[in-house]
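Colleague: Please find one structure pasted underneath; my questions will follow.
The values are calculated or read from the model by the stated rules, or taken from the named source; none is laboratory data. This structure is a prediction, so every number in the text was calculated from the model and none was measured. Here the Cβ is made from the backbone with ideal geometry for all residues, glycine too, and neighbour counts use every protein chain on show. All accessible areas refer to the heavy atoms of the entire protein, side chains included, with ligands and DNA or RNA removed. Shrake-Rupley method; radii C 1.70, N 1.55, O 1.52, S 1.80 Å.
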Amino acid sequence: MLSISNLQASIGDKQILKGINLQINAGEVHAIMGPNGSGKSTLASVLAGREDYEITEGTVLFEGEDLLDMAPEDRAAAGIFLAFQYPVEIPGVSTTNFLKTALNEIRKHRGQDPLDAVQFLKLMKEKMKLVNIDQSLLSRSLNEGFSGGEKKRNEVFQMAMLEPKLAILDETDSGLDIDALRIVAEGVNKLRSPERATIVVTHYQRLLDYIIPDFVHVLYKGRIVKSGPKELALELEEKGYDWIRAEAEAA
Amino acid sequence: MTPSNQQYNQFKDQLLAAFRANEERLNGESKAPLHQLRRSALQQFERLGFPTIKHEEWKYSNVNSLIRQAFDIDGASSISEADMDDLQIPNLEGNILYFVNGQYKPELSRLVSPADHVQITSFADALKAEPELIDKHFARYADYQDNAFTALNTALANDGVVVRVPNGKTVEQPIILRFITDAREKNIASQPRNLIIVGRNAEVTVAESYRTLGDRSSFSNAVTEIVVEQDARAQYYKVQNESDAAYHIGTTQVYQADNSHFYSATVTLNGNFVRNNLNIVLNGQHCEAFMYGLYMPNGRQHVDNHTLVDHAMPNSYSNELYKGILDDSGTGVFNGKIFVRPDAQKTNAYQSCKNVVLSPNASMNTKPQLEIFADDVKCSHGTTTGKLDEEALFYMRSRGIPKDEAKTLLMYAFAEDVLSQIKIGPIREYLEGVVQQKLAM
Ligand SMILES: Nc1ncnc2c1ncn2[C@@H]1O[C@H](COP(=O)(O)OP(=O)(O)OP(=O)(O)O)[C@@H](O)[C@H]1O
Ligand SMILES: [Mg+2]
């Protein structure tokens with residue numbers, strides 16, 4: 001589904017991604033861990049199409065298409081979704097109105113008819129239950145004055161609404177209480193299917209108790225320095241990153 | 001004298017000559033106090049002349065291109081009802097008064113409110129029929145000593161509207177003044193003059209709307225004086241959607257008594273050169289004044305808003321929010337003065353001006369001016385001018401909303417903050433439509 005090879009990206013003079021290789025197949029869940037500043041959010045943003053970064057090398061294919069050549073909105077229409085580490089506040093635009101516009105744009109792009117108000121509301125009710133989000137939150141300005149946890153929950157709600165093929169969750173678990181964490185994880189798991197894939201960026205093994213990954217990768221200084229099965233996350237939790245650093249520096 | 005100077009004087013001379021011709025027609029009436037006042041205003045205009053950019057209040061608004069032109073000032077128009085079709089505001093109901101090239105058109109207008117709730121007369125009729133009323137209020141609020149355009153209007157204005165709301169009456173239906181400039185054949189200048197008196201504990205909603213037909217130059221030099229008496233409430237909207245050859249210079253002068261409430265929105269969507277002065281004197285205690293503004297110059301449009309809130313008495317409250325969206329080579333000016341006089345203790349005065357500049361060639365000049373002479377007050381002001389929020393744009397695009405649409409959605413939300421303040425539904429909806437269109441351009 002997603003095939004990243006030798007991806008290098010910089011901002012200004014600063015190189016942040018230094019040759020990422022990653023293969024993700026439909027049906028898989030990949031966890032990406034790694035110390036602060038290692039480039040996890042940068043990778044996620046580059047995949048979603050943020051224009052601040054310059055891609056200096058490498059390719060990214062999504063279902064065989066050159067992803068790097070597509071505008072962010074076209075990537076969304078192709079089925080990519082990024083749950084932001086820091087969701088943006090948008091005054092004056094309600095989540096409901098925002099999502100209706102987004103959903104219908106994506107449908108238009110795919111040659112589907114737009115949902116009318118009734119259909120949209122029905123879908124919304126259904127997905128609201130899934131992530132246990134309150135109606136009152138959705139009629140307010142998007143993320144404006146939302147608590148940290150509410151913002152994250154809203155990201156998962158949007159994901160549930162848009163049903164992406166590839167969801168990238170950038171630290172969606174941070175700032176969530178235990179109940180919310182479980183709800184978010186359930187939301188992700190309900191979307192799990194043989195046609196879909198998920199990238200979970202996290203610092204904490206506990207999320208991976210709920211969303212069980214097929215692979216765990218460690219990103220360090222812009223490179224994936226270690227990949228392994230889900231047990232790797234436990235090992236990291238126990239031992240920290242020092243041994244990874246030592247290994248990486250030695251290599 | 002350079003040729004261009006001569007040209008500037010031509011327009012001025014034309015205006016002075018028009019006054020004198022009118023004076024001759026008046027015969028004996030020229031001794032009346034009202035005429036004396038007008039003559040003094042004319043002298044003031046003659047002395048002041050048109051302002052140049054050396055004038056502090058006109059630093060960023062250059063009227064050169066206006067006064068270099070020749071205008072027809074006699075107000076004639078061959079407009080018919082059919083010509084109005086394009087100018088309709090859908091579903092608009094209320095007292096709707098049409099003024100074409102500055103002159104009241106009763107045949108196009110419609111008054112619906114009962115006469116015991118509100119008296120609505122054309123300014124021209126009031127001049128003839130009720131000179132005492134005009135004497136009592138006319139030019140008593142809007143200063144013509146220092147403002148050349150107000151002086152000019154005071155000297156030459158011959159039509160507009162006089163609205164009086166008797167004590168204790170609530171006018172249910174809004175009063176909508178539609179100033180249409182018919183510039184299809186000639187350059188047209190007009191001098192609308194309005195007087196609105198809201199009696200004690202009375203309430204009224206008035207809107208001024210400015211439109212142009214045709215693409216010749218037009219110049220409206222408008223003055224509106226509003227008196228909000230004790231315990232009275234007034235909603236006042238000024239809405240401008242004129243052609244790219246239209247000049248508008250206008251002053252709205254508001255005078256508030258104890259416990260009165262004045263609520264205004266000034267929305268400028270199109271026009272070549274617009275200068276709005278909104279001056280509010282809070283000459284009473286426990287007054288409230290709200291001022292909202294929205295302006296969206298693009299192309300080569302220029303919009304200048306000058307506001308002044310004069311807190312003359314204690315315990316009053318004013319709150320101001322102006323917002324601008326500037327694109328292409330559009331330019332904007334915001335100058336917001338707040339005076340708090342020594343007596344005006346316990347004043348609360350807030351001012352905010354927020355701008356989004358969408359193009360590198362567009363620019364905005366902001367100048368808040370607070371002059372506070374009382375010590376026990378709460379005042380704040382803030383202006384921001386920035387680019388479109390790129391983070392927000394990316395967030396929206398990452399959800400599938402195309403760039404242009406995301407931009408429109410963001411800017412519309414920004415503008416809606418002000419538009420939502422307009423309580424005349426059909427006018428709000430009409431403006432929302434024009435804003436949408438303009439943003440999608
Ligand atoms: N716009 C930017 N300008 C300059 N440096 C940047 C910019 N964006 C990211 N960086 C730098 O790139 C590096 C990687 O940042 P990134 O946000 O990808 O890290 P991360 O792995 O997501 O960290 P965290 O675990 O703290 O979220 C950091 O050193 C960061 O300071
Ligand atoms: Mg990060």
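Colleague: Looking only at the range A:134-175, count every residue that is more than 16 Å from ligand 1 (Cβ to nearest atom), of a type in the set (A, V, I, L, M) and within 12 Å of the chain's Cα centre (by Cα) and tell me the total.
Modeller: Adding up the residues that qualify gives 4.
Colleague: Against the condition away from every other protein chain (no Cβ under 14 Å), more than 16 Å from ligand 2 (Cβ to nearest atom), polar (S, T, N, Q) and buried (at least 17 other Cβ atoms within 10 Å of the Cβ), how does A:Q15 come out, does it pass?
Modeller: Numbers: away from every other protein chain (no Cβ under 14 Å): yes; more than 16 Å from ligand 2 (Cβ to nearest atom): yes; polar (S, T, N, Q): yes; buried (at least 17 other Cβ atoms within 10 Å of the Cβ): yes.
It is true that A:Q15 is away from every other protein chain (no Cβ under 14 Å), more than 16 Å from ligand 2 (Cβ to nearest atom), polar (S, T, N, Q) and buried (at least 17 other Cβ atoms within 10 Å of the Cβ).
Colleague: Which condition breaks for A:V201 when tested against (1) closer than 30 Å to A:L121 by Cβ; (2) open to solvent by less than 20 Å² (accessible area, probe 1.4 Å); (3) touching a residue at least 60 places away in the same chain (Cβ under 8 Å); (4) not acidic (D, E)?
Modeller: (1)
Colleague: Ok, one more. Select from the range A:60-71 the residues that are open to solvent by 10 Å² or more (accessible area, probe 1.4 Å) and assigned to a helix (DSSP H, G or I) and write down the one among them that is farthest from ligand 2 (Cβ to nearest atom).
Modeller: A:D69
Colleague: What is the one condition in (1) at negative phi; (2) open to solvent by 50 Å² or more (accessible area, probe 1.4 Å); (3) within 15 Å of ligand 2 (Cβ to nearest atom); (4) in contact with a Lys or Arg (Cβ under 7 Å, 6 or more places away or on another chain) that A:G175 does not satisfy?
Modeller: Status for A:G175: all satisfied but (1).
Colleague: Moving on. Yes or no: B:E416 crowded, with 17+ Cβ neighbours inside 10 Å, of a type outside the set (S, T, N, Q) and under 27 Å from B:R300 (Cα atoms)? Don't jump to the end; show me each part of the working.
Modeller: Working: crowded, with 17+ Cβ neighbours inside 10 Å: yes; of a type outside the set (S, T, N, Q): yes; under 27 Å from B:R300 (Cα atoms): yes.
Taking the combined requirement at face value, the residue satisfies it.
Colleague: I would also like to ask the following. Please go through the range A:1-12 and pick out each residue that is within 16 Å of ligand 2 (Cβ to nearest atom) and open to solvent by 30 Å² or more (accessible area, probe 1.4 Å). Please lay out each step first, then the result.
Modeller: Kept after step one, since they are within 16 Å of ligand 2 (Cβ to nearest atom), are these residues of the range A:1-12: A:9, A:11.
Within the range A:1-12, A:I11 is the sole residue that qualifies.
Colleague: Of all helices (runs of 4 or more DSSP H) completely enclosed by the range B:118-231, which ones contain at least 2 residues that are closer than 30 Å to B:L87 by Cα?
Modeller: B:123-129, B:148-156
Colleague: Among (1) touching a Lys or Arg at 6+ places or on another chain (Cβ under 6 Å); (2) among the hydrophobic types (A, V, I, L, M, F, W, C); (3) within 14 Å of chain A (Cβ to nearest Cβ); (4) under 23 Å from B:L321 (Cβ atoms), there is one condition B:L410 misses while meeting the rest; what is its number?
Modeller: Failing condition for B:L410: (1).
Colleague: Something else now. Any residue at all in the range A:135-146 that's touching a strand residue (DSSP E or B) at 6+ places or on another chain (Cβ under 8 Å) and within 16 Å of ligand 2 (Cβ to nearest atom)?
Modeller: No - not one qualifying residue is present in the range A:135-146.
Colleague: Considering only residues that are touching a Lys or Arg at 6+ places or on another chain (Cβ under 7 Å) and in a strand (DSSP E or B), which ones fall in the range B:232-247?
Modeller: Residues of the range B:232-247 that are touching a Lys or Arg at 6+ places or on another chain (Cβ under 7 Å), as a first pass: B:232, B:235, B:241-242, B:245.
Listed by number, the residues that qualify are B:Q235, B:N241.
Colleague: If you scan the range A:190-206, which residues turn out to be within 14 Å of the chain's Cα centre (by Cα) and not in a loop (DSSP other than H, G, I, E, B)?
Modeller: If the condition is that a residue be within 14 Å of the chain's Cα centre (by Cα) and not in a loop (DSSP other than H, G, I, E, B), then A:L191, A:A197, A:T198, A:I199, A:V200, A:V201 are the ones that fit.
Colleague: Out of all the residues in the range A:64-79, which are touching a residue at least 40 places away in the same chain (Cβ under 8 Å) and either at the interface with chain B (Cβ under 8 Å from one of its Cβ atoms) or on the phi > 0 side of the Ramachandran plot (or both)?
Modeller: Hits for the range A:64-79 are A:A76, A:G79.
To keep it simple, each residue is scored yes or no on (1) open to solvent by 50 Å² or more (accessible area, probe 1.4 Å); (2) within 16 Å of ligand 1 (Cβ to nearest atom).
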| position | (1), (2) |
| --- | --- |
| A:A31 | no, yes |
| A:G39 | no, yes |
| A:A44 | no, yes |
| A:E51 | yes, yes |
| A:E73 | no, no |
| A:F84 | no, yes |
| A:V88 | no, yes |
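Colleague: Related question: Working carefully through the options A:L103, A:L99, A:L61, A:L47, find the one that is within 12 Å of chain B (Cβ to nearest Cβ) and free of Cβ contacts under 8 Å to residues at least 60 places away in the same chain.
Modeller: Selected residue: A:L103, the only one of A:L103, A:L99, A:L61, A:L47 that is within 12 Å of chain B (Cβ to nearest Cβ) and free of Cβ contacts under 8 Å to residues at least 60 places away in the same chain.
Colleague: List the number of the failed condition for B:K387; all other conditions in (1) surrounded by 16 or more Cβ atoms within 10 Å (Cβ to Cβ); (2) without any contact (Cβ under 8 Å) to a residue 40 or more places away in the chain; (3) more than 10 Å from chain A (Cβ to nearest Cβ) hold.
Modeller: The single condition B:K387 does not satisfy is (1).
Colleague: So is B:P426 open to solvent by less than 50 Å² (accessible area, probe 1.4 Å), more than 7 Å from every other protein chain (Cβ to nearest Cβ) and either farther than 29 Å from B:Q369 by Cα or without any contact (Cβ under 8 Å) to a residue 60 or more places away in the chain (or both) or not?
Modeller: It is true that B:P426 is open to solvent by less than 50 Å² (accessible area, probe 1.4 Å), more than 7 Å from every other protein chain (Cβ to nearest Cβ) and either farther than 29 Å from B:Q369 by Cα or without any contact (Cβ under 8 Å) to a residue 60 or more places away in the chain (or both).
Colleague: Here's a follow-up. When A:I32 is evaluated against the numbered criteria (1) in contact (Cβ under 8 Å) with a residue 24 or more places away in the chain; (2) in contact with a Ser or Thr (Cβ under 9 Å, 6 or more places away or on another chain); (3) more than 16 Å from ligand 2 (Cβ to nearest atom), which criterion, by number, is the only one it fails?
Modeller: (3)
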